[in-house]
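Take a look at the structure set out below.
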């Protein structure tokens, strides 16, 4: 929570409401909280009270120091293997445009951490799938609103003896541009491990990118531009190899039951690719296949990550995004994990009651599988074996299996499933889309592989 207050009077509430809105929309953007005491809510407005709402003036996003931006430009232009890593950089559609321009100016690969919609997935310089090799070989790494810089450049071994190691080569220069450096709040520590940087610019990345782009352009001469074009040719070849490996991976277990997450994502893409769509679920689920297989090229096509990594976020967030999309006539798609939905299943009724068009595709692996894998690691650490029956206590969602289609139907939604045969998936999605395009929510329960 970025800021909170408990107003004790109506003028106090008016000021706090405007202040809360201003603080929430000042980078780094975060939630705020106002508590209205019952006395304040229920007490009559005094006769003759002169109430007013204060004027709102939003804060201009902070831009990076000009000297620091020039130093960053020099490092990036001189680098032989620069890497750009974006997490929560795309604050608006302009942020994505600026990052594309910077990448193309430098002919540098981009790794998209998907905290927001930062970079088109099919752009030739999107090398997210090659992150390990790129980071290991980089001589300059630029992190843009990177929430966990330390975790990006380190590997953690979570076994009997936990250990970590750097995954970068000696001498790599680390540059950070983030407004998060302007916000640290006492004991609520969500800023991860301390990263040892070479240049830290405490500023909003999106607001700073135009100055950085111009500084880079001023440093590029003819010889350097030719060298960058040679780098681009090598990057294009490497990306093509990565795409071929990705397509081969997607074909594994194509006809399997439970249905593979790649097959689910591919079947869904085949139905929506020619529509004006928006993925309103977290970007990394399931197994990042949508971002690997789909063409994300518009800012509103991805809502990014939760920020807090809490279970139970996805279903309410998807509904809120679908409500925002409704006035634009966009098709909202939610790939919904099963355990997450059980934290707030009432969102199904809310969607039906308010006629919010939303296609829910259940990624139903019948488990909190993140927890299954963690308990397996813990069992392995204590030499108990990952097949130990205790691994399933509190982590699997079976005996009985939840019938999500029946759950949705009980709350007034069109629903089908559980679907276990991949050949049935495409037709079911097509029928559900017809319902959604009439302005109603729908749900397809798909029994899937764990990941």
Answer with yes or no whether residue 153 is farther than 17 Å from residue 90 by Cα, crowded, with 19+ Cβ neighbours inside 10 Å, touching a helix residue (DSSP H, G or I) at 6+ places or on another chain (Cβ under 8 Å) and modelled with pLDDT of 95 or more.
-> yes
Kindly indicate whether any position in region 103-118 is out of contact with any strand residue (DSSP E or B) (no Cβ under 6 Å at 6 or more places or on another chain) and within 30 Å of residue 7 (Cα to Cα).
-> no
Report the residue count in region 53-71 for those that are in contact (Cβ under 8 Å) with a residue 40 or more places away in the chain and more than 30 Å from residue 201 (Cα to Cα).
-> 1
Being free of Cβ contacts under 8 Å to residues at least 24 places away in the same chain and out of contact with any helix residue (DSSP H, G or I) (no Cβ under 9 Å at 6 or more places or on another chain) is the filter here, so list the residues in region 391-409 that pass it.
-> 399, 400, 406, 409
Residue satisfying all of: in region 266-290; in a helix (DSSP H, G or I) and free of Cβ contacts under 8 Å to residues at least 40 places away in the same chain; surrounded by the fewest Cβ atoms within 10 Å (Cβ to Cβ) among these | 269
If the Cβ limit is 7 Å and pairs must be 6+ apart or interchain, which residue in region 202-215 that is free of Cβ contacts under 8 Å to residues at least 24 places away in the same chain pairs with which residue that is outside any helix (DSSP H, G or I) and crowded, with 24+ Cβ neighbours inside 10 Å?
-> none
Might you let me know whether region 375-389 holds any residue that is surrounded by 15 or more Cβ atoms within 10 Å (Cβ to Cβ), touching a residue at least 12 places away in the same chain (Cβ under 8 Å) and over 30 Å from residue 162 (Cα atoms)?
-> no
Somewhere in region 35-43, is a residue without any contact (Cβ under 8 Å) to a residue 40 or more places away in the chain, in contact with a strand residue (DSSP E or B) (Cβ under 8 Å, 6 or more places away or on another chain) and surrounded by fewer than 21 Cβ atoms within 10 Å (Cβ to Cβ)?
-> yes
Scan of region 65-101 for residues that are surrounded by fewer than 21 Cβ atoms within 10 Å (Cβ to Cβ) and under 27 Å from the mean Cα position of the chain (by Cα), ordered by number | 81, 92, 93, 94, 97, 100, 101
Mind checking whether some residue in region 151-167 is over 19 Å from the mean Cα position of the chain (by Cα) and in a helix (DSSP H, G or I)?
-> no
State yes or no: is residue 135 assigned to a helix (DSSP H, G or I), crowded, with 18+ Cβ neighbours inside 10 Å and at pLDDT 95 or above?
-> yes
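Only one residue in 412, 439 is out of contact with any strand residue (DSSP E or B) (no Cβ under 6 Å at 6 or more places or on another chain), in contact (Cβ under 8 Å) with a residue 12 or more places away in the chain, in a loop (DSSP other than H, G, I, E, B) and closer than 18 Å to residue 272 by Cα. Which one?
Being out of contact with any strand residue (DSSP E or B) (no Cβ under 6 Å at 6 or more places or on another chain), in contact (Cβ under 8 Å) with a residue 12 or more places away in the chain, in a loop (DSSP other than H, G, I, E, B) and closer than 18 Å to residue 272 by Cα holds for just one of 412, 439, which is 439.
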Looking at residue 327, is it outside the structural domain of residue 112 (by TED's automatic domain parsing) and free of Cβ contacts under 8 Å to residues at least 24 places away in the same chain?
-> yes
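The values are calculated or read from the model by the stated rules, or taken from the named source; none is laboratory data. What you see is a predicted model, and the numbers here were worked out from it, not measured in a lab. Here the Cβ is made from the backbone with ideal geometry for all residues, glycine too, and neighbour counts use every protein chain on show.
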